[in-house]
Amino acid sequence: MTASRYMRVGAVASLLVACAGALAQTQTQTYEPTVGQEGKDVVWVPTPQALVDKMLDMAKVTPNDYVIDLGSGDGRTVITAAKRGARAHGIEYNPDMVELSKRNAAKEGVTGKASFERADLFKSDFSKANVITMFLLPDINIKLRPQILNLKPGTRVVSNSFTMGDWNADETASVGDGCSSWCTAYLWIVPAKVDGTWNLPQGELTLKQDFQMLSGTLRADGKTVPLRDARMRGNDILFTAGGVQYRGTVNGTKMEGSSRNGAWSASRG
């Protein structure tokens, strides 16, 4: 084969490679997901934009927040959070959806705030988030629940339509305008872990914890009374004992708060 023929063959080969690359790029850029398409853990159904807005409102997302969307789909929740000034990150298993999300973020001008990665939810670390959003099935929520409950107290978790079993939501809201299906959101605030006995200067506070709900007794000045209306909201504790309402804040192994009887404190460990 002559040199010129080698050159012609090489040119043809280069052209074929370039065409194949261009075709692949075009196919990627024109990728359109289909509602109901199969995914690793769930089928893809987009959250209505009206509910995305409501979910972020319920979580009170601000520019100081780091939002992680579990199963981020086409990226709309991450992008909406980024538009509010928050850092937002999407975890999605489908690589085509990840690339679509990146393109959508670029179109909306939020690539500096919005990021996406292809990853398995059950192998991902989302411990740095202070807001979690998701639209997953109930059994997936239950599997993720132990990891979510180990997040920093006060982390806000919002789910489209599906609950987390016997961990009752702190708030529930629905939208009407602009939403015809999948229109209910649930909010949970990860509670501090307070189960056990706490020592007070004048007695003892015994708590039994069931997620954010509490029961137990307060022993003070030789009297033991049951707790009523006791619950956690992140690091904040509220209970009534002997007709007196107590409010406080948990910080590790210490509690401090106030009541009509004055300031109170407790510790353990």
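The values are calculated or read from the model by the stated rules, or taken from the named source; none is laboratory data. What you see is a predicted model, and the numbers here were worked out from it, not measured in a lab. We place every Cβ from the backbone using ideal geometry, glycine too, and count neighbours over all the protein chains shown. Heads up: the accessible areas ignore ligands, DNA and RNA and are worked out on the full protein's heavy atoms, side chains in. Shrake-Rupley method; radii C 1.70, N 1.55, O 1.52, S 1.80 Å.
Applying the criterion of being surrounded by 13 or more Cβ atoms within 10 Å (Cβ to Cβ) and not hydroxyl-bearing (S, T, Y) to the residues of segment 248-267, the residue that is nearest to L151 (Cα to Cα) is V250. Report yes if T206 is more than 23 Å from D125 (Cβ to Cβ), out of contact with any Phe, Trp or Tyr (no Cβ under 9 Å at 6 or more places or on another chain) and assigned to a strand (DSSP E or B), otherwise no. Answer is no for this residue. What residue, among those in segment 59-100 that are among the small types (G, A, S) and touching an Asp or Glu at 6+ places or on another chain (Cβ under 6 Å), is surrounded by the fewest Cβ atoms within 10 Å (Cβ to Cβ)? Ranking the qualifying residues of segment 59-100, first place goes to A86.
In segment 221-247, the residues that are closer than 20 Å to K193 by Cα and open to solvent by 50 Å² or more (accessible area, probe 1.4 Å) form Cβ pairs under 7 Å with partners that are outside any strand (DSSP E or B) and not basic (K, R), at six or more places apart or across chains, as follows: R231/Q212; R233/D170; R233/Q212; N235/P153; N235/G154; N235/A192. If V190 passes every condition in (1) over 11 Å from the mean Cα position of the chain (by Cα); (2) of a type outside the set (K, R); (3) open to solvent by less than 20 Å² (accessible area, probe 1.4 Å) but one, which one does it miss? V190 satisfies every listed condition except (1).
Looking across R145, R87, one residue alone is within 24 Å of G39 (Cα to Cα) and either among the charged types (D, E, K, R) or touching a Gly at 6+ places or on another chain (Cβ under 7 Å) (or both). It is R145. Output the residues belonging to segment 50-92 that are without any contact (Cβ under 8 Å) to a residue 40 or more places away in the chain and of a type in the set (S, T, Y). T62, T80, listed by residue number. Scanning segment 48-69 for residues that are closer than 19 Å to N141 by Cα and assigned to a helix (DSSP H, G or I) yields L51, V52, M55, L56, M58. Among the conditions (1) of a type in the set (G, A, S); (2) outside any strand (DSSP E or B); (3) touching a residue at least 40 places away in the same chain (Cβ under 8 Å), A173 misses just one, which is (2).
If you go through segment 112-154 and keep only what is surrounded by 18 or more Cβ atoms within 10 Å (Cβ to Cβ), outside any helix (DSSP H, G or I) and in contact (Cβ under 8 Å) with a residue 60 or more places away in the chain, you end up with A129, N130, V131, I132, T133, M134, F135, L136, P153.
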